[in-house]
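Shown next, in structure tokens, is the structure this report addresses.
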Amino acid sequence: MELDEYDKLILKELEKDGRKPFSDIAKKMEISNTMVHQRVNRMRAEGIIKKMALELDERKMGYEWSAFTGIILKEDCNSEIIIDALKEIPEVVECYYITGQYTLYIRIVAKNSEHMRKVLYEKIDHIPGVLKTESLIDFGRAFKRNVPIE
């Protein structure tokens, strides 16, 4: 799907505030409210807008620790089984397939160092098929952004 200038401007407004009323976007762009609704619905149907999501502040929710963890599997063909097991661990908030020495790369949140130790050693390391993990502690996100809207 090719995005035109109206689509791009709508996306930029929603990127600033995903809860911004479509009527405010329409007024700012000097187009009809219906046009904004139709374009957002089309971009959702096309999969350009995946979802309008709630983002929680992990630290304010009590999760003071975060780590990026590479996982080496005994056999890469078991990755789907291991991913299903990781989905059952609430502290695992992201999971990626990657190249290199690891098969999977995950992000874990924990309330403190003891909680992190338990997640790593009592949950993840006990998943059948996990050979080894290696973690890097995250001291906080410097920034996160979407792809450029061009």
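Is it true that GLU134 is more than 19 Å from the chain's Cα centre (by Cα) and in contact (Cβ under 8 Å) with a residue 40 or more places away in the chain? Answer is yes for this residue. You will find that of GLU94, GLU122, the residue that is among the acidic types (Asp, Glu) and closer than 30 Å to ASP7 by Cα is GLU94 and no other. Summed over region 59-74, the residues that are without any contact (Cβ under 8 Å) to a residue 60 or more places away in the chain and either touching a His at 6+ places or on another chain (Cβ under 8 Å) or surrounded by fewer than 11 Cβ atoms within 10 Å (Cβ to Cβ) (or both) give a count of 2. If a residue must be under 12 Å from PHE68 (Cα atoms), charged (D, E, K, R) and free of Cβ contacts under 8 Å to residues at least 40 places away in the same chain, how many such residues does region 92-114 contain? Matching residues across region 92-114 total 1. Here LEU56 passes the criteria (1) free of Cβ contacts under 8 Å to residues at least 60 places away in the same chain; (2) buried (at least 17 other Cβ atoms within 10 Å of the Cβ); (3) under 25 Å from PHE143 (Cβ atoms); (4) under 16 Å from the mean Cα position of the chain (by Cα) except the one numbered (2).
When the criteria are applied in full, ARG145 fails the requirement of being more than 19 Å from the chain's Cα centre (by Cα) and more than 11 Å from ILE71 (Cα to Cα). Kindly evaluate GLU46 against the criterion of being at pLDDT 95 or above, among the acidic types (Asp, Glu), within 26 Å of LYS144 (Cα to Cα) and surrounded by fewer than 18 Cβ atoms within 10 Å (Cβ to Cβ). In short, yes.
The values are calculated or read from the model by the stated rules, or taken from the named source; none is laboratory data. In this text the structure is predicted, and so the values were computed from the model without any measurement. Here the Cβ is made from the backbone with ideal geometry for all residues, glycine too, and neighbour counts use every protein chain on show.
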